[in-house]
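Values quoted throughout were computed directly from the atomic coordinates according to the rules given, and no laboratory measurement underlies them. In this text the structure is predicted, and so the values were computed from the model without any measurement. Reconstructed Cβ throughout: ideal geometry from the backbone, glycine too, with neighbour counts over all protein chains shown.
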Number of protein chains: 2
Amino acid sequence: MTKSSHSGSEDKRCEGNFMLALTDTLNVVSGKWKLPIIGTLMDGKMRFKQIENHIPNINSRMLSKELKDLEANGIVTRTAYNTVPVCVEYELTASGYSVLPVLEVMVDWGRGHRQNIIGQ
Amino acid sequence: MTKSSHSGSEDKRCEGNFMLALTDTLNVVSGKWKLPIIGTLMDGKMRFKQIENHIPNINSRMLSKELKDLEANGIVTRTAYNTVPVCVEYELTASGYSVLPVLEVMVDWGRGHRQNIIGQ
DNA sequence: CTGAATCCCCCAGGATACTG
DNA sequence: CAGTATCCTGGGGGATTCAG
């Protein structure tokens, strides 16, 4: 180890790019719509309108904005076809699909926490 | 299974309280200060001022607000001593300590995602 | 030392209308 | 169909001051 005279798990937490990697994940997982969108696309490639129909209360502005953000972050891919009317398909990348296990860990923690609270 | 004629992992995702548990976790993990606070307390019981000193740029208002929120959510416990001046200690609950593995999974995903992006 | 009270700013997110 | 352009609001978060 380098220095650190105090105990705890600080070394592991502060090591390298812990915070960077964590905020990367948070950027994908937080906000109101990113998770519903990713969840919807877990069922496979889908068009703009389909996604919109699968997510209650979202509007096209929000969906467009979030999809653009997810694309910029390498979570979804966008494919446009020169048809008329236009058709655009969105699909999760490998990274996109791989958030599912992360979600499951988070869900497990949430459930365990509720158990802790109830049986306090 | 109940119904659902379509493929994918939707059944698992929509099952029971998936979303509830997920948002429970998100409430603990998102926001600007909750994670730094939890991370700081991973080193053990600590006083208000100590926590404040461990977290750059936080102010007492934010720290107080977040700690109150974390206490209300069963993530930290608060113990006040009738000394003068007053002394208050905060400590993670079992749930609080148990978010560490969750963070590590999130960090792993973040690192893997960076690898995916780089080696695209 | 440990907060509570006030005031303020910014922006995520919503509503609506419009276009290629 | 797949977005863009505007306008608007609430609340997360900051700075400062005061109090027990």
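Here are some notes:
- Extreme residue, nearest to A:Cys87 (Cα to Cα), among residues of the stretch A:50-67 that are in a loop (DSSP other than H, G, I, E, B) and near DNA strand C (Cβ under 8 Å from one of its atoms): A:Asn59
- Hits in the stretch A:18-37 - residues which are closer than 23 Å to A:Asn59 by Cα, charged (D, E, K, R) and assigned to a helix (DSSP H, G or I): A:Lys34
- Cross-chain or 6+ apart pairs with Cβ under 9 Å, the stretch B:17-32 first and more than 7 Å from every other protein chain (Cβ to nearest Cβ), then crowded, with 17+ Cβ neighbours inside 10 Å and not in a helix (DSSP H, G or I): B:Asn27/B:Asn73; B:Val28/B:Asn73; B:Val28/B:Ile75; B:Lys32/B:Ile58
- Looking across the stretch A:33-44, just one residue is under 10 Å from A:Leu92 (Cβ atoms) and away from chain B (no Cβ under 11 Å), and that is A:Ile37.
- Residue within the stretch B:69-78 that is over 18 Å from A:Ala21 (Cβ atoms) and of a type in the set (Asp, Glu) present: yes
- Residues of the stretch A:65-99 classified as in contact (Cβ under 8 Å) with a residue 40 or more places away in the chain and farther than 22 Å from B:Ile118 by Cβ, total: 4
- Scan the stretch B:68-117 for residues that are more than 14 Å from the chain's Cα centre (by Cα), assigned to a helix (DSSP H, G or I) and more than 10 Å from every other protein chain (Cβ to nearest Cβ) and the total you get is 0.
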